[in-house]
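**Student:** Please find one structure pasted underneath; my questions will follow.
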Amino acid sequence: MIGALAMGLLDLLLPRHCVVSGRPLANDEPGCVAPEVLRQAKLTAGDYCSRCGARQGEGIGAIHGCGRCEEFKEGFGTREVCAVGDYEGVLQSLCLALKFGGERAAAAPLSHYLIQLVFDRGLADKVDAVVPVPLHPLRQYQRGYNQAELLARPLARALSKPLWNDVLRRRRRTKAQSELSAAQRRSNVEDAFEVRPRRAARVEGRSLLVVDDVMTTGATLAACAKALKRAGAKAVLGAVIARSTVGADT
Ligand SMILES: [Zn+2]
């Protein structure tokens, strides 16, 4: 077991590499991504769907309901959803590094984008607290952290809102969503979340911003919104890093 101090020393001795391009990083380049790589990130700008967060073609503007969320006529149980960008390129690489590569540092540039987006969309004044999508305790133990929480914490700080990371919990261990079809994803997470009984009073009447890394069918977000609303939440909004269509139509 290497202690934090030893790891710090190793950082000084061994060159760090960009987690996306692999280029060695200079000492004056903080973080885990090379700046020229970060500049390539394709972000959602003025053309988006506020119901599902999907980026739209140029000139479409802001719409509420698009081809990518058509099947969710009733919405995701969320009032609106915003996504930093599509699940591709730099955003995808950083999400993968954060989720499966053990790269906690990848959360910093991603949450930076998320903060910018939430302010740009005017969501800052619409929510009372920030709620990360929880992992099952066993999965969190294996990974060592909850990536959604690493993204949500700086966001909550920037918004000056509380981070409620113990409000939601998983009732059971679910399969990894990435391995499943759209229909399987919905049944996989259906009723998978609940509000901890001792936290229910907090949730009542509040507007909450649920944060996750990747959104594909929206099943996870919808299941979280359902649990929060069942506990009396006034409104649930969603903020994610990447909007993916992979597996959505299979
Ligand atoms: Zn949409």
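**Student:** Across the range 89-108, what is the number of residues that are surrounded by fewer than 23 Cβ atoms within 10 Å (Cβ to Cβ) and touching a residue at least 60 places away in the same chain (Cβ under 8 Å)?
**Tutor:** Qualifying residue count, the range 89-108: 9.
**Student:** Across the range 58-71, which residue is nearest to the ligand (Cβ to nearest atom) among those that are among the acidic types (Asp, Glu) and under 15 Å from THR216 (Cα atoms)?
**Tutor:** If we take residues in the range 58-71 being among the acidic types (Asp, Glu) and under 15 Å from THR216 (Cα atoms), then GLU70 is nearest to the ligand (Cβ to nearest atom).
**Student:** Take the residues of the range 28-54 that are hydroxyl-bearing (Ser, Thr, Tyr) and either open to solvent by less than 10 Å² (accessible area, probe 1.4 Å) or part of a loop (DSSP other than H, G, I, E, B) (or both): which is modelled with the lowest pLDDT?
**Tutor:** Filtering the range 28-54 for residues that are hydroxyl-bearing (Ser, Thr, Tyr) and either open to solvent by less than 10 Å² (accessible area, probe 1.4 Å) or part of a loop (DSSP other than H, G, I, E, B) (or both), the one modelled with the lowest pLDDT comes out as THR44.
**Student:** So which residues in the range 190-239 are open to solvent by less than 10 Å² (accessible area, probe 1.4 Å) and over 25 Å from ARG121 (Cβ atoms)?
**Tutor:** Answer for the range 190-239, where residues must be open to solvent by less than 10 Å² (accessible area, probe 1.4 Å) and over 25 Å from ARG121 (Cβ atoms): just ALA192.
**Student:** In the set ARG79, ARG55, ARG51, which member is in contact with a Cys (Cβ under 7 Å, 6 or more places away or on another chain) and within 15 Å of the ligand (Cβ to nearest atom)?
**Tutor:** On inspection, the qualifying residue turns out to be ARG51.
**Student:** Then there's this: Could you check the range 221-241 and list, in sequence order, the residues that are on the phi > 0 side of the Ramachandran plot and among the β-branched types (Val, Ile, Thr)?
**Tutor:** Matches in the range 221-241: none.
The values are calculated or read from the model by the stated rules, or taken from the named source; none is laboratory data. The model shown is predicted, which means the values in this text are computed figures rather than measured ones. Positions of Cβ are backbone-derived with ideal geometry, glycine not excepted, and every protein chain shown enters the neighbour counts. Ligands, DNA and RNA are excluded from the accessible area calculation, which covers all protein heavy atoms including side chains. Shrake-Rupley method; radii C 1.70, N 1.55, O 1.52, S 1.80 Å.
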